[in-house]
1. If the only charges are +1 at each Lys and Arg Cβ and -1 at each Asp and Glu Cβ, what is the size of the charge dipole of the chain around the Cα centre, to the nearest 20 debye?
2. Return the single residue from Cys244, Cys202, Cys13 with maximal mean-square fluctuation; model: Gaussian network over the chain, springs between Cα atoms under 10 Å.
3. Trypsin sites (Lys or Arg not before Pro), restricted to region 77-120: which are DSSP loop and have at most 14 other Cβ atoms within 10 Å?
4. What does the net charge come to around Ile215 if you take all other residues with beta carbon closer than 14 Å to its beta carbon, with K and R at +1 and D and E at -1?
5. Roughly how many nanometres apart are two label points built 7 Å out from the Cα toward the Cβ at Lys262 and Arg277?
6. Rounded to the nearest 10 degrees, what's the angle between the helix 161-174 long axis and the longest principal axis of the chain, both from Cα atoms, 0 to 90?
7. Picking from Glu12, Glu153, Glu299, which is most flexible by a Gaussian network model of the chain using Cα springs under 10 Å?
8. Going by a ≥ b ≥ c, the root eigenvalues of the Cα gyration tensor, does region 68-164 fall in the rounded group (a/c under 1.5), the prolate group (a/b larger than b/c) or the oblate group?
Amino acid sequence: MKKVTLEQIAKECQVTKGLVSRALGGKNNVSDATRERIIRKATELGYDSSKLKVSKVLTNHVLLISSGRILFKEDFWQPIITSISSTLSRNNLIMEYFVFEEETIDDALLKKLKESSCSAYIIIHLAPKAIMDVVLNKNKPTVIVDPKTFCSEATQFKFSNYDSSYLAVRRLIEQGHRNIAFYGSDSHSLSFRERHEGYMGCMEANKPHVHQYSIIFNNDKKNYADEEMLMEALNNNPITAIVCANDIIALNAIKTINRLNKKVPDDISVIGFDNIRTGEFMSPQLSTFNIPRQEIGEEVAKYVANSIKSHQIAYSQIVIRCDFIERESNKSINK
């Protein structure tokens, strides 16, 4: 693969080569928005993310750790990251980036992380064990946003996964549904598992009036669907509603339902989770739970700023409420 140059990145971003160099080099005289845009474009072009610099002396800096794959999901993560950065700035803290690729973590990358000095760490979703070991050994305030797995040695900012799925099922029961399925992947992430548990909790609370169908697939290939498994469940059971682990799974479920010559919501109601833009602009519009991205970013940054000022490290679980947005993909049926 041809090496990506600073000139290429500058041309794509319509900025000077010097500005690109400062942004990728971790210099302070670059705005947060411009730095994020340049880093995003550099990663898209295939720039070696291990070259992203972290300042050696960062007494008023917070290091944000993320894989490149996750960091540049504009619809989902960028609003959260931008909110974190701007709120830290208002608290006189500067956010630096440590971007890794899951397939290329080596000793040089870990050495770079060990040599960095900052006041706190923010980890987005997931960091491999080798990176987590380095961070936790630093014994500094550490926050994980939407943790993929449980970590008792860091503060976890989570979404109201259990409660939201519970409320989704309760709403469907109110609408007359009795044969309600959950469609997702328990092994994919802690969030997905908690949403499944919320579904099961509400179904158990309403026995014997409801019938439970858990359609759980392997998501190792990140397809966010198992069409064959879902088709079999819908063909062999009188399912009238599906609660999905997230919006992407819900959108894939709707495609499968359409292929079976059934309609949403006339034949089957569908509810997702995440409130991604695609769900709002499809037909029918997807009912979902909104993740308040700006609020999450603000709360994460405030928590980190307070931890730094108080010189205290606490291990907590902080749950952010996600409100239900009812659109067109679920409807009442005859009770």
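Any read-out appearing in this document is the output of simple, stated calculations on the displayed coordinates, not a laboratory observation. Bear in mind that the values here come from a model prediction, so they are computed numbers and not experimental data. Cβ: placed from backbone, ideal geometry, glycine included. Neighbour counts: every protein chain shown.
1. Computed about the Cα centre, the dipole is about 960 debye.
2. Residue with maximal mean-square fluctuation among Cys244, Cys202, Cys13: Cys13.
3. none
4. Surrounding charge for Ile215 is -4.
5. That separation, rounded to one decimal, is 3.1 nm.
6. 20
7. Maximum fluctuation in the GNM of the chain, among the listed residues, is at Glu12.
8. Rounded, because the longest to shortest axis ratio a/c is under 1.5.
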